[in-house]
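All remarks here apply to the structure that follows.
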Amino acid sequence: MIIKNQKHSRISFVFHTLLFLAATLFCQAQTALKPGDNSFDKKWLKSGKYEMACFSLDGGMNKTEISSFVIEINSGSGPLAIYTTLKVPGSEDHWRDTSIVDGNTFRPVYRSSFNRNREMVLKYDKEVTGHYYDKQTKKRSAIKEPVKEAFFDSYSYPYLLALLPLASGYNADMTVYDYKPGNATNIKKTLIEEVKNSLYVSDLTGEHKSWQVSVYEQATNEKYEYYIDKETRRLWKVEVFSKGQHILMVDKELDYNPFKTTFDKVATLKMLKSGSAVISGEAFARDNQNEGALGGIAVLNVNKKQYARAGTKIVLIPYTAFFKEWMKVNEASRKKGRAIPLPAEVAECMKVTTVYDDKGHFEFVNLMPGEYLLYTEFGYTHTSIRTEVTGYSDKYINGLYQSTYTHTTTNAYDVNASAGIKKVVTIKKEGEKVEVKLRKTL
């Protein structure tokens, strides 16, 4: 028994020695990144604005869009500023975060976060000072901590990953400050565990050779997979693994432009604001759709107009050469299962009004001569008249068969339906008043 224990002790000793050596070698292999480190290549810094859609993945199969991030980066000759706005579909609640770092060393200078749950402001110097306000508990906490070592701000470091000398097998660690109320310490390690070759496939722009950068955050116990373009260092995709959840963020590529026609934003906005013409009209659906024996027959248009409700939005789009090309390109792309997003500056050149009464009336004013596309969608009640055969009767005279009569019954059914209506309208001269009917007949 003693011999067995001695043997077990020797094995245990060797095993733990190997573990210690492996951990030591790993720590030595890791590059410890610090603010001011020359590992960061500033040539990859680019100012710009982009948006990432955020999805929740259910078992890796089904994805549901839960929010989107609008990210603006200003990287001029001074500080590097990163502004992010989180938008939730169907909600007016926005989360706004700001991170400002020194443009040369990437040492943090300022950090703030405002949302419906909290308010946080941090200023970095020889001390970290600021405040944290919990809007749920109404508790406000002053922040004052000494700075004992160099670190990165937890919010800004992801945007610095693309500046690193990424290559297969690269790894490093970063000391990061991440404030959380109640933390014993807000200094944590973020580990760049590995970098390897990957491929990102965009629905719009095809394949992009990328670096897949695996990151682990000690502060949050979250795992991230960043997909960074090899040639441009653009961030295409981020996968987040947090507390049993799998979150996917994907670049919406709002800067994608497959068009040959140049869009003139100034001239297009002028069409909407600098004239004296008026487009007015009414939006309604006329439901004449029957089934059975009456199928395809509209009996004297007996079904009343189904007016768009008050408050229904009517969209007016200057029907320019660019917009016509976008519609053509988008239609062709949809046949391949892809949609071409309308460029943001084009979307800004639309005019929206609402139906102002119970008769579907709407109005656009201050328009210049030109072509315009009117568009609306609204719900209404679809009336279907269905005729069904319920039986047959034969007619006999003096025992001889003469004819057969068909017995039918007719029923009306009301179901919810929707109408999508588009109409091109032309204003020929200044000051003209054009009346239109946005009608959907079924």
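The values are calculated or read from the model by the stated rules, or taken from the named source; none is laboratory data. It should be emphasised that the depicted structure is a prediction, and the values quoted were computed from it without experimental measurement. Neighbour counts are summed over all protein chains in view; Cβ atoms, including those assigned to glycine, are modelled from backbone coordinates with ideal geometry.
Could you please find all residues in region 320-344 being basic (K, R) and not in a helix (DSSP H, G or I)?
Keep residues of region 320-344 that are basic (K, R), which gives 324, 328, 334-336, 338.
Selection gives K335, K336, R338.
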Restricted to region 42-73 and to residues being over 18 Å from L342 (Cα atoms) and of a type in the set (A, V, I, L, M), the residue modelled with the lowest pLDDT is M61
Listed by first then second residue, the pairs whose first member lies in region 116-141 and is at negative phi, whose partner is among the acidic types (D, E) and part of a loop (DSSP other than H, G, I, E, B), with beta carbons under 6 Å and at least 6 positions apart or on separate chains, are R116/D93
Looking at region 157-169, can you tell me whether even one residue there is surrounded by 15 or more Cβ atoms within 10 Å (Cβ to Cβ), modelled with pLDDT of 95 or more and part of a loop (DSSP other than H, G, I, E, B)?
yes
Considering residues that are hydrophobic (A, V, I, L, M, F, W, C) and not in a strand (DSSP E or B), the number found within region 185-211 is 1
Residue hits (region 345-370; within 31 Å of the chain's Cα centre (by Cα) and among the acidic types (D, E)) are E345, E348
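Which members of region 243-290 meet the condition of being small (G, A, S), at pLDDT below 90 and assigned to a strand (DSSP E or B)?
Here is the first cut: in region 243-290, the residues small (G, A, S) are 244, 267, 274-277, 280-281, 283, 285.
Applying the additional criterion that residues be at pLDDT below 90 yields 244, 285.
The one that is small (G, A, S), at pLDDT below 90 and assigned to a strand (DSSP E or B): A285.
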Reported set for region 92-111 where residues are closer than 25 Å to D255 by Cα and not in a strand (DSSP E or B) is E92
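Confirm whether Y159 is touching a residue at least 60 places away in the same chain (Cβ under 8 Å) and in contact with a Pro (Cβ under 8 Å, 6 or more places away or on another chain). Don't jump to the end; show me each part of the working.
Values: touching a residue at least 60 places away in the same chain (Cβ under 8 Å): yes; in contact with a Pro (Cβ under 8 Å, 6 or more places away or on another chain): no.
It is false that Y159 is touching a residue at least 60 places away in the same chain (Cβ under 8 Å) and in contact with a Pro (Cβ under 8 Å, 6 or more places away or on another chain).
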D153 meets each of (1) surrounded by 19 or more Cβ atoms within 10 Å (Cβ to Cβ); (2) touching a helix residue (DSSP H, G or I) at 6+ places or on another chain (Cβ under 7 Å) with one exception, condition (2)
Restricting region 198-216 to residues that are at pLDDT 95 or above and farther than 15 Å from L164 by Cα, the one nearest to the chain's Cα centre (by Cα) turns out to be Y200
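Results for (1) at pLDDT below 95; (2) within 30 Å of K252 (Cα to Cα); (3) in a helix (DSSP H, G or I), shown as yes or no for each residue.
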| site | (1), (2), (3) |
| --- | --- |
| V346 | yes, yes, yes |
| N366 | no, no, no |
| Y372 | no, yes, no |
| T383 | yes, no, no |
| T387 | yes, no, no |
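Which of the following residues is surrounded by fewer than 19 Cβ atoms within 10 Å (Cβ to Cβ) and not small (G, A, S): T190, T185?
Numbers: T190 fails: surrounded by fewer than 19 Cβ atoms within 10 Å (Cβ to Cβ).
Unique residue meeting the criteria: T185.
Return a yes/no flag: does region 77-89 have any residue that is modelled with pLDDT under 90, over 21 Å from L254 (Cα atoms) and out of contact with any Gly (no Cβ under 6 Å at 6 or more places or on another chain). It would help to see each step written out before you state the result.
Initially, region 77-89 is screened for residues modelled with pLDDT under 90, giving 77-78, 87-89.
Checking the rest, the ones that are also over 21 Å from L254 (Cα atoms) come to 77-78.
Still in the list and also out of contact with any Gly (no Cβ under 6 Å at 6 or more places or on another chain): 77.
Yes - at least one qualifying residue is present in region 77-89.
Consider region 171-182. How many of its residues are surrounded by fewer than 17 Cβ atoms within 10 Å (Cβ to Cβ) and touching an Asp or Glu at 6+ places or on another chain (Cβ under 8 Å)?
Of region 171-182, the ones surrounded by fewer than 17 Cβ atoms within 10 Å (Cβ to Cβ) are 171, 180-182.
Next cut, touching an Asp or Glu at 6+ places or on another chain (Cβ under 8 Å) only: 171, 181.
The number of residues fulfilling the criteria is 2.
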Cβ pairs under 8 Å, 6+ apart or interchain, first in region 350-364 and in the same structural domain as M271 (by TED's automatic domain parsing), second assigned to a loop (DSSP other than H, G, I, E, B) and of a type in the set (K, R), ordered by first then second residue, are V355/R309; D358/R309
